[in-house]
1. Those residues that are buried (at least 20 other Cβ atoms within 10 Å of the Cβ) and assigned to a helix (DSSP H, G or I), I need them from the range 156-197; list them, please.
2. Would the range 24-33 turn up any residue that is modelled with pLDDT of 50 or more, surrounded by 12 or more Cβ atoms within 10 Å (Cβ to Cβ) and out of contact with any strand residue (DSSP E or B) (no Cβ under 9 Å at 6 or more places or on another chain)?
3. Name the pairs: first residue in the range 79-105 and in contact (Cβ under 8 Å) with a residue 24 or more places away in the chain, second residue in a helix (DSSP H, G or I) and surrounded by 14 or more Cβ atoms within 10 Å (Cβ to Cβ), Cβ to Cβ under 6 Å, at least 6 apart or on different chains?
4. Which one of these does residue 84 not meet: (1) modelled with pLDDT of 90 or more; (2) crowded, with 17+ Cβ neighbours inside 10 Å; (3) part of a loop (DSSP other than H, G, I, E, B)?
5. Those residues that are assigned to a loop (DSSP other than H, G, I, E, B) and in contact (Cβ under 8 Å) with a residue 24 or more places away in the chain, I need them from the range 119-150; list them, please.
6. Here are the criteria: (1) touching a strand residue (DSSP E or B) at 6+ places or on another chain (Cβ under 8 Å); (2) not assigned by TED's automatic domain parsing to the domain that holds residue 155. Tell me which single one residue 115 does not satisfy.
């Protein structure tokens, strides 16, 4: 069962990723009561999601850029998608975007806005697609995704690379999937390093690089999740949580 500190860490992850609905948060709060398995160590094989396509969800944010028509565009940080999957956009009003990829949402919005601007060219995206790289890296914190995904090694590079105390054989990936936070231990040293370096990370993922100590390496998944939850605390600012 999950401890309070672990639960807080996972909930912070979901909030910071900008994709938490009320129901999802309630689910995390009740995991312990329902004795639901909240995390497990899974095999390295199958972790990567090369076919992953980001799709808007309720409580994500969406920004809309209309080229040459800034008055029709949203603010840079976008607008919130409501719990029913609708976003209220300039000129065209409420539009259902949940379930659509960024390209699909852009095309839908473009068709609608061309009633007002004949030659409008629209780009839609989530301006808050983030992953978190924490632990023994030189610049721990959020990494903004320019696309909907990033390779593991590139994400670590974006966080400044490994620190001198990093254990490259104990890199943990936490991924929210449904009602679970799945924990996978990976090695970026030796025979597995090349395969694991190119694992695809997606919005909301946490990468935790453990320190090079025997105590940490021998810890179980629940203890590791507790450390990850505590390491996330500096990034859970009031502003980020409210957004």
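1. Answer for the range 156-197, where residues must be buried (at least 20 other Cβ atoms within 10 Å of the Cβ) and assigned to a helix (DSSP H, G or I): 156, 196.
2. Filtering the range 24-33 down to residues modelled with pLDDT of 50 or more leaves none.
Looking through the range 24-33, none of the residues is modelled with pLDDT of 50 or more, surrounded by 12 or more Cβ atoms within 10 Å (Cβ to Cβ) and out of contact with any strand residue (DSSP E or B) (no Cβ under 9 Å at 6 or more places or on another chain).
3. Listed pairs, sorted by first residue: 90/72; 91/72; 92/112; 92/113; 97/105.
4. Condition not satisfied by residue 84: (2).
5. At the first step, the residues of the range 119-150 found to be assigned to a loop (DSSP other than H, G, I, E, B) are 119-121, 126-129, 136, 138-140, 145-149.
Hits for the range 119-150 are 120, 121, 126, 127, 128, 129, 136, 138, 140, 145, 148, 149.
6. Tallying (1) touching a strand residue (DSSP E or B) at 6+ places or on another chain (Cβ under 8 Å); (2) not assigned by TED's automatic domain parsing to the domain that holds residue 155, residue 115 fails exactly one: (1).
Each row is one residue, and each column tells you yes or no for (1) at pLDDT 90 or above; (2) within 12 Å of the chain's Cα centre (by Cα).
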| site | (1), (2) |
| --- | --- |
| 133 | yes, yes |
| 136 | yes, no |
| 146 | no, no |
| 162 | yes, no |
| 172 | yes, no |
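The values are calculated or read from the model by the stated rules, or taken from the named source; none is laboratory data. Keep in mind the model is a prediction, meaning the values are calculated, not measured. All Cβ positions, even for glycine, are placed from backbone atoms using ideal geometry, and neighbour counts span all protein chains on display.
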